[in-house]
Amino acid sequence: MNRFLELALAGVQQLVPYVPGKPVDELQRELGLTEIVKLASNENPLGTGAKVAAAIQATLPELTRYPDGSGFALKAALSGKLGVAPEQITLGNGSSEILELVMRTFVSPEHEVVFSQHAFALYPILTQAVGARARKVPAKNFGHDLAAMRAAVNENTRVVFIANPNNPTGTLLAREDVEQFVASLPTHVLCVLDEAYYEFVDPAVRTESLQWPERYPNLIIARTFSKAYGLAGLRIGYGISSIEVADLLNRVRQPFNSNMLALAAAEAALGDVDYLAQTIAVNNVGMQQLTTAFKELGLEWIPSSGNFVSVDVGQNALPLYEALLQKGVIVRPVANYEMPNHLRVSIGTERENQIFIQALIEVLRGV
Ligand SMILES: *Cc1c(COP(=O)(O)O)cnc(C)c1O
């Protein structure tokens with residue numbers, strides 16, 4: 001019994017912590033295996049890029065100093081690349097912090113927060129943490145049902161989360177539908193468009209939303225360096241919004257919320273177009289490799305626009321997850337997303353994917 005439970009905020013008392021993918025070191029300790037394949041957290045399989053490594057090396061002698069709390073250089077680089085004003089950008093300790101800042105800035109216990117069933121696990125956690133009421137809207141074919149989400153918006157709604165593509169389903173919304181939804185919202189509702197997997201989406205069908213905050217000042221776009229840019233371990237992401245909203249987020253954030261190594265690495269990563277291109281290429285090939293294998297195995301999967309794919313294993317997925325662990329392969333069970341028969345698999349290198357496929361064939365056969 002936690003003796004401080006009663007002292008915690010009402011929302012916190014009910015809170016169930018986020019469960020991350022199992023770390024490689026932990027499984028290594030448990031099993032004594034030398035090679036572990038982790039395809040559980042949608043991380044970049046290419047490893048740290050050379051330009052990022054050099055930028056971090058160059059920054060090491062400065063670590064006794066505080067970082068630039070304004071993030072001037074990174075904001076300038078983002079501004080140039082994305083065509084938005086630096087004042088529209090909020091930097092965060094991962095884009096998770098951007099989501100959290102929106103909640104802490106705007107949401108209190110009398111408010112409601114709208115998100116979809118099967119949407120990213122952080123949305124309910126952040127809602128609960130501030131003691132607000134969650135309105136989870138049933139999904140349609142695993143994707144967001146925007147019409148139903150719009151219908152769930154009322155005078156108490158303060159934030160709506162849209163993940164596009166969504167994690168763990170990989171589902172993508174059509175550009176027109178997203179814009180129509182955003183345009184339809186009353187101005188007292190802030191819309192967070194979570195684009196953590198933006199870079200992986202086929203440019204032909206991608207939602208280009210960066211100019212929208214000028215038209216819809218209640219829109220916040222969240223992006224991250226954790227996935228396509230390969231900086232998950234450093235924790236750096238950003239929000240793009242109207243200058244007014246950015247001003248408020250800036251008041252709430254910790255003054256040095258983005259650390260010095262992350263700022264330097266993110267700037268270098270932005271400039272490393274080859275790394276990004278290789279990341280996308282490896283992802284496209286790997287997606288093909290995995291889905292071809294699923295097809296051969298007679299398994300259904302949810303078509304994904306991200307760097308992961310959720311496959312229906314036709315039975316409770318937990319025993320298969322455990323059996324894969326025994327073979328040194330870490331994937332992600334998604335029962336906590338109300339998808340008990342699915343496993344979410346991040347796209348790895350060709351070799352990692354092959355090891356996973358082989359292990360999956362074996363565990364499905366029970367060997
Ligand atoms: C990974 C992810 C994020 C953010 O990750 P950070 O590492 O905090 O930037 C945000 N939204 C979704 C849907 C994600 O999958």
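Summary table
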quantity	calculated
Derived scalar couplings ³J(HN,Hα) [the stretch 178-187; Karplus, 6.51 cos²θ - 1.76 cosθ + 1.60; whole Hz; x for Gly, Pro]	5, 5, 4, 5, 4, 5, 7, 6, x, 6
Those lysines that a straight Cα-Cα span of less than 26 Å connects to LYS22, excepting residues fewer than 8 apart in one chain	LYS38, LYS227, LYS327
Candidates ILE98, ILE36, ILE221: whichever shows maximal mean-square fluctuation once the chain is modelled as a Gaussian network with Cα springs under 10 Å	ILE36
Cβ charges +1 (Lys, Arg) and -1 (Asp, Glu), total dipole of the stretch 64-218, debye	220
Under 5 Å, built H, 5+ apart or other chain: amide partners of SER310	ILE302, VAL345
Residues whose placed amide H lies under 5 Å from that of ALA163, excluding near-sequence neighbours	ASP194
All Cα pairs of the chain, percent lying beyond 32 Å	34
Carbon and sulfur %, accessible surface of the stretch 50-272 computed with the full protein complex present, 1.4 Å	53
Built amide H within the under 5 Å cut-off of ILE220, gap 5+	CYS191, VAL192, LEU193
Residue-wise HN-Hα coupling along the stretch 218-232, computed from phi with Karplus coefficients 6.51, -1.76, 1.60 (Hz; x: Gly, Pro)	8, 9, 10, 9, 10, 10, 9, 8, 6, 9, 5, 8, x, 10, 3
Per-residue SASA entry for GLU30, accessible area with 1.4 Å probe, Å² rounded to 10	110
Per residue accessible area in Å² of the stretch 194-242, where ligands, DNA and RNA are left out and the probe is 1.4 Å	29
ARG3, ARG150, ARG104, reordered so the largest accessible area comes first (probe 1.4 Å)	ARG3, ARG104, ARG150
Unit charges at the beta carbon, dipole of the chain: most positive-side option, MET339, VAL205, VAL273	MET339
Integer Hz, Karplus 6.51/-1.76/1.60 couplings in order for the stretch 162-171, x for Gly and Pro	10, 9, 9, x, 8, 10, x, 8, x, 5
Estimated dipole of the chain in Debye, rounded to 20 [Cβ of Lys and Arg +1, of Asp and Glu -1, Cα centre]	380
Accessible-area value, GLU214, 1.4 Å probe, nucleic acids and ligands omitted, Å²	140
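The values are calculated or read from the model by the stated rules, or taken from the named source; none is laboratory data. Note that the structure is a prediction, hence the values are computed from the model and not measured. Please note: Cβ atoms are built from the backbone with ideal geometry, for glycine as well, and neighbour counts cover all protein chains shown. These accessible areas exclude ligands, DNA and RNA; they are computed on the full protein's heavy atoms, side chains included. Shrake-Rupley method; radii C 1.70, N 1.55, O 1.52, S 1.80 Å.
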